[in-house]
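The values are calculated or read from the model by the stated rules, or taken from the named source; none is laboratory data. Just so it is clear, the structure is predicted and the values come from calculations on it, not from any experiment. Note that we place each Cβ from the backbone using ideal geometry, even for glycine, and neighbour counts take in every protein chain shown. In case anyone asks, the SASA skips ligands and DNA or RNA and just uses the protein heavy atoms, side chains included. Shrake-Rupley method; radii C 1.70, N 1.55, O 1.52, S 1.80 Å.
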Amino acid sequence: MKYIDLFEHLKKIENYTDNEIEIDQNLVMRNFTFESNYRFILPGGLGNNDDYEFIPSEPQDYEPDVIQQMLNKKDSEIQENIKFRYHMIMPKKEVKSKGIIFLFHGFNEKTWYKYLPWAKYIVDKTGKSIVMFPIAFHMNRAPAVWSSTREMYRVSEQRKVRHPAVICSSLSNVAISTRLHNKPQRFLWSGLQTYYDVIDFVEHFKEGLHPAIDKDASIDFFSYSIGTFLGEILMMSNKDGFFTNSKYATFCGGAVFNRLSPVSKFILDSEANVSLYSYVVEHLESHMKRDEVLRHYMHTHPEGNNFRSMLNYKILTSSREETLRKMSHQFYAITLAKDEVVPPYEVVNTLQGSRRDIPINIEILDYPYKYIHEDPFPALTKIADEVDEQFRFTFDKISAFLQS
């Protein structure tokens, strides 16, 4: 089956309702429920009564949190983010998987559609199961209204009036852009919540409590784009030695945050990017001095320090590079020559270090058709053969690494 046909087939059958969905004669998609124990660290939670909103230097640029007003709820009260369903793609014959690969997606993703063929291919090639774990407030962890064309059109038009110079504001990114513009610290808290959720997931199955994962199952990672942040922080922190023997493959990801270019109609608009950059890169140290809870998580905990080291190329550089050097044999990265969101040279700068002396294997590919970071394998009939060839070429490499 060609990539385009596989894409359409998986898109058609995917759902969160059925407990088990047959993919083909060898594979199934199983759905399970997860409940986060870390709502309290989100804005409005018991441990984080942070009502702060970003106030720009020009008062007329201030924009109330209109996205949040749609729900009349604080982040910690959004149930979709607390209790949700997640997919596992695994061999049909396997009752309990002996090896899992976490798949982490990109920024501002609402569906798993483009990842389903990737996951199936890796499972076919490695025999390991893929756990498709959503980042907080992404995929089905976000309220449906944030993906409503009608509602987001209204908000997008308002945003363009308030910010006439905004670049790349769209129906697709207006929800996340508005949320991060007003509370850029959400990037940190939602990232930390997801980190702790994954650790809880691992501890749960290691206690023999997961119905489809063996308690001694091996753990590996495959990530794309911003999902690589999450995976890198998990690997660098290595809670209780969980990931000492893990392999990590990344596609179109790996650079520190302040070397990315996320302004895109699919990711963030320019106003949100300025606010986010100001908070997490330029002024994070001063925000930590003002905010005791933020300082506790981002300075006291290993995962917080590792998170900070991945935000700014010049912060905790020696620590970051030494950690990556020790784990270099566990990492493999593929990036794309024409990727403008996560430029390949910035992936090299981060993963191989300022002196290029970290021996992480990084391959830069360039496909013979027009592609963008957000859509490396367009499901278009006119280039179906070329896309299929490059998809298989790329994921043969990724699968071989994760299988070894």
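A compact table of results
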| quantity | calculated |
| --- | --- |
| Qualifying residue in the stretch 253-264 (condition: in contact with a helix residue (DSSP H, G or I) (Cβ under 9 Å, 6 or more places away or on another chain), of a type in the set (Val, Ile, Thr) and under 29 Å from Gly127 (Cβ atoms)) | no |
| Where a residue in the stretch 1-12 is β-branched (Val, Ile, Thr) and its partner, wherever it lies, is open to solvent by 30 Å² or more (accessible area, probe 1.4 Å), with Cβ under 8 Å and at least six apart | Ile4/Ala379; Ile4/Leu380; Ile4/Thr381 |
| Asp5 being modelled with pLDDT of 95 or more, assigned to a loop (DSSP other than H, G, I, E, B), out of contact with any Gly (no Cβ under 8 Å at 6 or more places or on another chain) and surrounded by fewer than 16 Cβ atoms within 10 Å (Cβ to Cβ) | no |
| Residue that is farthest from Ile372 (Cα to Cα), among those in the stretch 300-314 that are in contact (Cβ under 8 Å) with a residue 24 or more places away in the chain and not polar (S, T, N, Q) | Pro302 |
| Residue ranges of helices (runs of 4 or more DSSP H) in the stretch 75-176 with at least 3 members open to solvent by less than 50 Å² (accessible area, probe 1.4 Å) and modelled with pLDDT of 95 or more | 115-126 |
| Those residues of the stretch 364-379 which are open to solvent by 20 Å² or more (accessible area, probe 1.4 Å) and out of contact with any helix residue (DSSP H, G or I) (no Cβ under 7 Å at 6 or more places or on another chain), in sequence order | Asp366, Lys370, Ile372, Glu374, Asp375 |
| Number of the exception - Thr244 against (1) touching a residue at least 12 places away in the same chain (Cβ under 8 Å); (2) closer than 21 Å to Pro302 by Cα; (3) part of a loop (DSSP other than H, G, I, E, B) | (1) |
| Of all residues in the stretch 26-41 being open to solvent by 60 Å² or more (accessible area, probe 1.4 Å) and at pLDDT 95 or above, the one that is farthest from Phe377 (Cα to Cα) | Asn37 |
| Filter result for Phe222 (over 30 Å from Val155 (Cβ atoms), buried (at least 18 other Cβ atoms within 10 Å of the Cβ) and not basic (Lys, Arg)) | yes |
| From the options Phe393, Phe377, residue that is touching a residue at least 60 places away in the same chain (Cβ under 8 Å) and either closer than 24 Å to Phe102 by Cα or not aliphatic (A, V, I, L, M) (or both) | Phe377 |
| The stretch 315-361: number of residues that are without any contact (Cβ under 8 Å) to a residue 40 or more places away in the chain, surrounded by 19 or more Cβ atoms within 10 Å (Cβ to Cβ) and touching a strand residue (DSSP E or B) at 6+ places or on another chain (Cβ under 8 Å) | 4 |
| Index of the failed condition, Asp214 passing every other in (1) open to solvent by less than 10 Å² (accessible area, probe 1.4 Å); (2) among the charged types (D, E, K, R); (3) not in a helix (DSSP H, G or I) | (1) |
| Helices (runs of 4 or more DSSP H) within the stretch 287-386 that include 1 or more residues closer than 28 Å to Gln193 by Cα and at pLDDT below 95 | 292-295 |
| Complete set of residues in the stretch 263-274 that are surrounded by fewer than 24 Cβ atoms within 10 Å (Cβ to Cβ) and assigned to a loop (DSSP other than H, G, I, E, B) | Ser264, Lys265, Phe266 |
| Some residue of the stretch 283-297 being of a type in the set (S, T, N, Q) and closer than 30 Å to Ser169 by Cα | yes |
| The lone exception for Ser237 - which of (1) among the small types (Gly, Ala, Ser); (2) in contact (Cβ under 8 Å) with a residue 40 or more places away in the chain; (3) out of contact with any helix residue (DSSP H, G or I) (no Cβ under 8 Å at 6 or more places or on another chain); (4) open to solvent by 10 Å² or more (accessible area, probe 1.4 Å) it fails | (3) |
